[in-house]
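I have placed the structure first, in the form of structure tokens, so that the comments after it can refer back to it.
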Amino acid sequence: MCAIGAICGFSSCGDFLEIEPQNEIIHENFWNEKADVDGIVAGCYSKLQSEGIIKRMMVWGEFRSDNVVAGQNISDDIHLDNVLKANIDASNVYTTWDEFYNVINRCNTVIQFAPQVAEKDLSFTESELRATIAEMTALRSLCYFYLIRTFRDVPYSTTAFLSDDQVMDLPATKFDAVLDSLIQDLERVRPDAVKKYPETQPLYQTGRITQDAIHAMLCEMYLWKKDYQNCIRYADLVIDAKKKEKEENDKKANGASSAQNRGTGIDGFPLISSSYREGGNSFGQAYYYIFGQGNSSESIFELTFMDDDNMPSNGAVNAFYGNVEKPIGYAAPSPSVGQDVSNKIYAIFNNQFDVRYYENIASEGSSTFRIQKMTGRMADVIISGTTGSEVSMMVSIYGKDKNKSNWMFYRLTDIMLLKAEAITQTMLTGDDEATIEANNAKLREAFTLVNAVNKRSVGQPTLKDTLVYSNYSSKTQMTDLVYQERQRELMFEGKRWFDLVRRSMREGNTDYLTRETIKKHSSNSSVVQNKLAKMDAIFWPYNIDELKVNKNLIQNPAFGSGEDDSYTNTAK
């Protein structure tokens, strides 16, 4: 089988699509055997690993949020500087989407031609064919999911474009219609997806699409659709699968679990302990397994970068978050997420015992801070004293162009918090005894999920709750808690802005999004608040070049033509 680019180094597998006319290759030289299909599948993953795509996943999902401000040498990337200043127009390079559509077209090509290959190559079994179609359908759906969360309405097609004779200037399909199509596609193919890869290919289990990965995607998509029961249903499938996986691993080890599977987890959930030694004061083990080693027991789907100088590196994280030569990249942590360590001000992290503060943020002097997450293999934290008065750290930073951190799409705590959000949204209105009892049960269930995630991060010899259930006795309070915990747990992973957009779409206004976002815009908060006042403005404009070649696209009204100052004028 042709190895996946993320794992075995196919850096340009499938690039034949850009070398010769596709119709000539398809009919004369290609699509004859299973290896041809495997090559294009590898190319899809390899393309997802490209710096341009990961940069957009970071910029679209994170950089407009309150988590990130400009770092050092930002003048080298004026387009990114404008994004961070909330000064986006249609000429910004980060409004381009062609690389995502490249992956989408590769997936469509495999789905179209793989059945023909199966007819020619008898070694390509029916189950393998169906699994391949499921995998390509899921990758296509993932790309479209990024596009609709960013641009809202986008051109949508499940047909492979193979010839210049085909009509390609499609109008944009509405957000809800695309989302419904993605869900229907995933529901249709999920039974065919690979459940578990052979033990001889361990990185495939989290480095390729599996049935669990599809369940995770459906969990999040249903949340965006406001179908909370189905969101909860798929979250439970993922959580239960991880619990079963841990039980199986424990049995294989005859009770002697590996370090990342040690003990019973946290409050019944199979979470990796943050402590290196039970009862000790050294923390960061969970970070090491999840972000340092990668493909951990908590992972569901991530892009894998092999630890080999001859293999691709994560250039996007290297540039945006920093490296040993330039510890502070183009992006830096916002003061609103907590920086004043000397005065014990930790902002959203609440207290000095939250190990994630140190795993996410590191100091480069008394008043200069950098993003730590994914810039190095380890962020070992030693917290001393009953008040946590002394903190020391050992960190590692990848060399320039040597970053090997995986890019995370879904991991267990993400799904747990999506479920908590969905549960909270199912609360009923009314003040009768039955309704109050039902709502209290929902609040307790949501809190249990959030508390387990939070509790794992407590940097003390004995784990204990730092969140107090009685402080979250309403739907709004619990919703805010879920969003705060997602911000703490998933910081810098390309999730925060999408979370804020989802909440705005559900509530029908940008109040919460604006309130959180302007925290980093202290010098021009009123200007940014005015820009984000309309729902249209929380999405991105279509790139000006796309509008020139596709006359069927109608620009986001918050951005006007994108060539002048109409953004400010229309966001009233």
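The values are calculated or read from the model by the stated rules, or taken from the named source; none is laboratory data. The structure presented is a predicted model; accordingly, all values stated were derived computationally and were not measured. Heads up, the Cβs are rebuilt from the backbone with ideal geometry, glycines too, and the neighbour counts pull from every protein chain shown. When the accessible area is computed, the model is the full protein with side chains, heavy atoms only, and any ligands, DNA or RNA have been set aside. Shrake-Rupley method; radii C 1.70, N 1.55, O 1.52, S 1.80 Å.
Summary table
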item	result
Matching entry among Arg106, Arg130 (being in contact with a Leu (Cβ under 9 Å, 6 or more places away or on another chain) and either in contact (Cβ under 8 Å) with a residue 40 or more places away in the chain or crowded, with 20+ Cβ neighbours inside 10 Å (or both))	Arg106
Qualifying residues in segment 426-441 (those that are open to solvent by less than 50 Å² (accessible area, probe 1.4 Å) and part of a helix (DSSP H, G or I)) - the one farthest from Ile266 (Cα to Cα)	Thr435
Sole exception among (1) within 26 Å of Glu421 (Cα to Cα); (2) open to solvent by 40 Å² or more (accessible area, probe 1.4 Å); (3) among the hydrophobic types (A, V, I, L, M, F, W, C) for Val549, by number	(1)
Criterion (open to solvent by less than 10 Å² (accessible area, probe 1.4 Å), more than 20 Å from the chain's Cα centre (by Cα) and either among the acidic types (Asp, Glu) or closer than 30 Å to Glu390 by Cβ (or both)) met by exactly one of Val453, Val458, Val468	Val458
Conditions (1) part of a loop (DSSP other than H, G, I, E, B); (2) open to solvent by 10 Å² or more (accessible area, probe 1.4 Å); (3) not acidic (Asp, Glu); number of the one not met by Phe559	(2)
Residue within segment 475-495 that is among the acidic types (Asp, Glu), open to solvent by 50 Å² or more (accessible area, probe 1.4 Å), modelled with pLDDT of 95 or more and more than 20 Å from Tyr222 (Cα to Cα) present	no
Odd one out for Ala134 among (1) under 30 Å from Pro557 (Cα atoms); (2) touching a Pro at 6+ places or on another chain (Cβ under 9 Å); (3) not aromatic (Phe, Trp, Tyr)	(1)
Count of residues meeting criterion [surrounded by fewer than 21 Cβ atoms within 10 Å (Cβ to Cβ) and assigned to a helix (DSSP H, G or I)] in segment 499-513	8
Of residues in segment 288-337 being in a helix (DSSP H, G or I) and either in contact with a strand residue (DSSP E or B) (Cβ under 6 Å, 6 or more places away or on another chain) or of a type in the set (D, E, K, R) (or both), the one surrounded by the most Cβ atoms within 10 Å (Cβ to Cβ)	Tyr321
Qualifying residue in segment 139-158 (condition: open to solvent by 10 Å² or more (accessible area, probe 1.4 Å) and on the phi > 0 side of the Ramachandran plot)	yes
Search result, residues across segment 46-67 that are among the small types (Gly, Ala, Ser), farther than 22 Å from Met136 by Cα and surrounded by 23 or more Cβ atoms within 10 Å (Cβ to Cβ)	Ser65
Flag for Ala118 being open to solvent by less than 10 Å² (accessible area, probe 1.4 Å) and over 28 Å from the mean Cα position of the chain (by Cα)	no
Flag if Phe409 is of a type in the set (Phe, Trp, Tyr) and assigned to a helix (DSSP H, G or I)	no
Among (1) over 22 Å from Pro335 (Cα atoms); (2) surrounded by fewer than 22 Cβ atoms within 10 Å (Cβ to Cβ) - the single one Ser75 does not satisfy	(1)
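Listed here are the residues, each with its yes/no results for (1) of a type in the set (Gly, Ala, Ser); (2) in contact with a helix residue (DSSP H, G or I) (Cβ under 7 Å, 6 or more places away or on another chain); (3) at pLDDT 95 or above; (4) part of a helix (DSSP H, G or I).
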{"position": "Cys13", "(1), (2), (3), (4)": "no, yes, no, no"}
{"position": "Asn23", "(1), (2), (3), (4)": "no, no, no, yes"}
{"position": "Trp31", "(1), (2), (3), (4)": "no, yes, no, no"}
{"position": "Tyr45", "(1), (2), (3), (4)": "no, yes, yes, yes"}
{"position": "Trp60", "(1), (2), (3), (4)": "no, yes, yes, yes"}
{"position": "Ala90", "(1), (2), (3), (4)": "yes, yes, yes, no"}
{"position": "Glu99", "(1), (2), (3), (4)": "no, yes, yes, yes"}
{"position": "Ile104", "(1), (2), (3), (4)": "no, yes, yes, yes"}
